[in-house]
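Some notes on the structure that comes next.
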Amino acid sequence: MTDLINAVILTGFGGPEKLVYTQIPKPTPKPGEVLIKVGACSVNNTDINTRTGWYAAEDNFQAILQDTKENNPHNTSCWTQHGTDFPRIQGADIVGKVIEIGENVDAKFLQQRVIVDSWIRSEDGNNYQYIGSELDGGFAEYTVVPVTNV
């Protein structure tokens, strides 16, 4: 049976009514990742701007607010070229404790209190994503991030 956790998910672009408190499956760390029990996660301007579609081009803003995943499953209103998919767990400013590690992660990270760097970068530096916008963030009891970001 899958463990369920509490989370606030963003269901689409718009106002606060697009945020839904629900239960989701507890994430599992993949190789190179850590599972963090979230201690705190602030609301910052990125969370608000992503939710409202503010990062979109001005002429595309109203279209984005009316769009659905079925019409545009890879929306471009976000920090990077990856787009924001829904549902999305927001929350970029994460602190907590590492409670589980994926393969190829040093055991020294277990039980460590950490702060998360929200920019996820590829090894060559040519590809990046932002936690809470293109990737799930900290508005949940638990989250997974690459070990290189703690």
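None of the figures in this text is laboratory data; all of them are computed from the coordinates on show. Everything numeric in this text was worked out from a predicted model, so none of it was measured. Positions of Cβ are generated from backbone atoms using ideal geometry, with glycine treated the same way; all protein chains shown enter the neighbour counts.
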Open item on the list: Under 5 Å between amide hydrogens, which residues at least 5 positions from ILE94 or on another chain qualify, with H placed 1.01 Å from N in the peptide plane?
Closed with: VAL116
Task: Eligible lysines near LYS97 by straight Cα distance, threshold 22 Å, same-chain separation 8 or greater - done: LYS26, LYS30, LYS37, LYS108
- [ ] Return the long-range amide H neighbours of SER133 (sequence gap of 5 or more, or a different chain), with a cut-off of under 5 Å between placed amide H atoms.
- [x] none
Task: Sorted peptide list for 27-39, 90-102, criterion being average Cβ within 10 angstrom, highest first - done: 90-102, 27-39
